[in-house]
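The values are calculated or read from the model by the stated rules, or taken from the named source; none is laboratory data. The model shown is predicted, which means the values in this text are computed figures rather than measured ones. Here the Cβ positions follow ideal geometry from the backbone for every residue, glycine too, while neighbour counts run over all protein chains shown. The area values use the complete protein model at the heavy-atom level, side chains included, leaving out ligands, DNA and RNA. Shrake-Rupley method; radii C 1.70, N 1.55, O 1.52, S 1.80 Å.
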Amino acid sequence: MKKDVNLRQLIFFKPAFAHKPWGGTGLREEFGYDEPGDDIGECWGISAYPGKESTVADGDYAGLNLGELWRDHRELFGDVQGEEFPLLTKIISASDDLSVQVHPDDAYASEHENGARGKTECWYILDAEPGSRLAIGHNAATREELTEMIEDDRWDELIRYTCVEPGDFVQIPSGTVHAIGGGVTLLETQQNSDITYRLYDYDRITDGSLRPLHKKQSEAVITVPAPEISGMLLHDTSVDDVVRLMTCEYYEVYRITCRDGLGVDFERPFVIMSVVEGEGTISVCEDDKQDDADIRPVRKGDHFIVSAGTGMLRMSGSFRIIASCLPQ
């Protein structure tokens, strides 16, 4: 018999990390993560992806990874169905340019990648050195022109770049050519998938050889013509405490800013939250009453899930959160 546990709670996670050729020390220095190495590229804050699962840090489910929590304690996630936890959030810190890549949609991934799901993602820019840029889309007018540009290595002509700054938000649908530039730190919200086709890698040598490319797969899934950047990029200038940044088929994303005190209730089966700036406290309230024993300190770099039916969260302090949930 399962022991009685409080379903209305905040479940904090220990992240997993990925070391990359373009990584650095920013995630350790800026977020305080206890991860060695000078090539730390990604913090998988809320992840059930096999091999990169985040693990419950404390409480009733301490030591379980998110995949196990989803499988064995579905009551924490309301009425959400599916064999796999649907979302994944990362913090990415790039000291060098990432490869130019593209992700397939669900239909292509299911057919060509052993039933996997595709990958739509979005980015909230946390930091960007002056002149930092992203690759977003391409300049080919037709699929024939796309193929010609790829075969002729006309990368400067093909790839579309734009400069970014903190507070920018970018939606990257499947089929979109994209790359994160060096000097950029961002929080990524995405489908729970890791299917990536590498289109171009600047002819870099890694471990004595060129990294493999996936030109044919890329050509097959790239959207032609590419959507205009204006429809994919927005700058978060709102002074509101809670701002919805994106709603799409796979997720909704919000920016929450607590300047002193704030009450938030999403009324969703579960909500993912990542603290990206500052520190303070969060507590679960019942009938507008707060139990001091349930106050949790939070700081930059924390990742947690608000479980089903939790209701009102009372926030205090000065911090910023990027939150995500499934669309209604």
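Restricting attention to segment 127-154, the residues that are open to solvent by 20 Å² or more (accessible area, probe 1.4 Å) and more than 23 Å from Glu30 (Cβ to Cβ) total 12.
Would you check if Arg255 is part of a strand (DSSP E or B), surrounded by fewer than 19 Cβ atoms within 10 Å (Cβ to Cβ) and either within 19 Å of the chain's Cα centre (by Cα) or aromatic (Phe, Trp, Tyr) (or both)? So Arg255 does not fit the description; no.
Taken together, the residues in segment 229-246 that are among the β-branched types (Val, Ile, Thr) and open to solvent by less than 70 Å² (accessible area, probe 1.4 Å) amount to 3. Scanning segment 173-207 for residues that are over 19 Å from Leu88 (Cα atoms) and hydroxyl-bearing (Ser, Thr, Tyr) yields Tyr200, Tyr202, Thr206. A count restricted to segment 64-83 and to residues that are assigned to a loop (DSSP other than H, G, I, E, B) and of a type outside the set (Val, Ile, Thr) stands at 7. Note on segment 265-297: among residues that are open to solvent by less than 80 Å² (accessible area, probe 1.4 Å), part of a strand (DSSP E or B) and more than 23 Å from Gln190 (Cβ to Cβ), the one that is modelled with the lowest pLDDT is Cys285. Glu165 - would you say it is among the acidic types (Asp, Glu) and more than 30 Å from Gly82 (Cα to Cα)? Answer is yes for this residue.
Listed by first and then second residue, the pairs with beta-carbon distance under 7 Å, at least 6 apart or on different chains, first residue in segment 245-269 and of a type in the set (Val, Ile, Thr), second outside any strand (DSSP E or B), are Thr247/Pro327; Ile256/Asp241; Thr257/Asp241.
Results for (1) more than 29 Å from Lys52 (Cα to Cα); (2) touching a residue at least 40 places away in the same chain (Cβ under 8 Å), shown as yes or no for each residue.
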site	(1), (2)
Arg160	yes, yes
Gln171	no, yes
Gly175	no, yes
Ala179	no, yes
Tyr202	no, yes
Val221	no, yes
Gly231	yes, no
Val239	yes, no
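Of all the residues that make up segment 168-221, how many are in a loop (DSSP other than H, G, I, E, B), within 21 Å of Ser324 (Cα to Cα) and of a type in the set (D, E, K, R)? Here the count works out to 1. Among what's in segment 172-227 and is open to solvent by 40 Å² or more (accessible area, probe 1.4 Å) and among the polar types (S, T, N, Q), pick the residue that is nearest to Glu277 (Cα to Cα). Of everything passing the filter in segment 172-227, Thr196 is nearest to Glu277 (Cα to Cα).
Per-residue answers, yes or no, for (1) over 16 Å from the mean Cα position of the chain (by Cα); (2) surrounded by fewer than 20 Cβ atoms within 10 Å (Cβ to Cβ):
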position	(1), (2)
Gly59	yes, yes
Leu69	yes, no
Asp72	yes, yes
Glu83	yes, yes
Leu88	no, no
Ser93	no, no
Leu98	no, no
Pro104	yes, no
Ala109	yes, no
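Would you confirm whether any residue within segment 85-104 is at pLDDT 95 or above, closer than 30 Å to Pro166 by Cα, part of a loop (DSSP other than H, G, I, E, B) and out of contact with any strand residue (DSSP E or B) (no Cβ under 8 Å at 6 or more places or on another chain)? Yes, that holds for at least one residue. The residues on offer are Ala226, Ala220, and the sole one that is closer than 15 Å to Thr147 by Cβ and touching a strand residue (DSSP E or B) at 6+ places or on another chain (Cβ under 6 Å) is Ala226.
Condition (residue is open to solvent by 60 Å² or more (accessible area, probe 1.4 Å) and under 24 Å from Pro327 (Cβ atoms)) applied to segment 30-49: is it met by at least one residue? So far as segment 30-49 goes, yes, one or more of its residues are open to solvent by 60 Å² or more (accessible area, probe 1.4 Å) and under 24 Å from Pro327 (Cβ atoms).
Scanning segment 35-47 for residues that are part of a loop (DSSP other than H, G, I, E, B) and under 26 Å from Asp294 (Cα atoms) turns up just one, Ser47. Screening Val253, Val276, Val284, Val243 for residues that are closer than 23 Å to Ser193 by Cβ, in contact with a Lys or Arg (Cβ under 7 Å, 6 or more places away or on another chain) and not hydroxyl-bearing (Ser, Thr, Tyr) leaves exactly one candidate, Val276.
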